[in-house]
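Colleague: Handing you this structure, nothing more for now.
The values are calculated or read from the model by the stated rules, or taken from the named source; none is laboratory data. Only a predicted model underlies this, so the values are computations on that prediction, with no experimental measurement involved. So basically every Cβ, Gly included, is an ideal-geometry build from the backbone, and we count neighbours across all protein chains shown.
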Amino acid sequence: MNGLIDEFITRDSDFSDGSLDVKRQRVLHALESQRALIVVNEKDGTTNILTAEEYAASQDEQDP
């Protein structure tokens with residue numbers, strides 16, 4: 001799971017301050033509080049972490 005979290009940290013500017021351990025704790029807290037979600041895309045076989053806002057926006061885009 002650390003690999004997934006580390007990838008999220010390096011691409012998401014919301015977690016730009018503090019050490020890697022501090023950033024990991026922030027992401028874990030966001031996951032626990034459901035401000036971030038682990039999303040599996042079965043079509044392309046990828047797993048990603050999205051903020052709740054990103055996930056909601058992606059769902060809105062998929063609705064016809």
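Colleague: List pairs: first residue in the range 19-40 and closer than 15 Å to residue 55 by Cα, second residue basic (Lys, Arg) and surrounded by fewer than 13 Cβ atoms within 10 Å (Cβ to Cβ) anywhere in the structure, Cβ distance under 8 angstrom, at least six positions apart or on different chains.
Modeller: Taking only residues 6 or more apart or on different chains, not a single pair turns up.
Colleague: Given the options 61, 53, name the one that is modelled with pLDDT under 90 and assigned to a helix (DSSP H, G or I).
Modeller: Exactly one residue qualifies, and that residue is 61.
Colleague: Going through 40, 27 one at a time, which residue ends up being β-branched (Val, Ile, Thr) and touching a Ser or Thr at 6+ places or on another chain (Cβ under 8 Å)?
Modeller: So the residue among 40, 27 that is β-branched (Val, Ile, Thr) and touching a Ser or Thr at 6+ places or on another chain (Cβ under 8 Å) is 40.
Colleague: Suppose we keep only residues that are loosely packed, with under 10 Cβ neighbours inside 10 Å and not hydroxyl-bearing (Ser, Thr, Tyr) within the range 13-30. Which one would you say is modelled with the highest pLDDT?
Modeller: Step by step, filter the range 13-30, then rank; the result is 21.
Colleague: In the range 31-47, which residues are surrounded by 12 or more Cβ atoms within 10 Å (Cβ to Cβ) and either assigned to a helix (DSSP H, G or I) or at pLDDT below 90 (or both)?
Modeller: Scanning the range 31-47 gives a single hit, 31.
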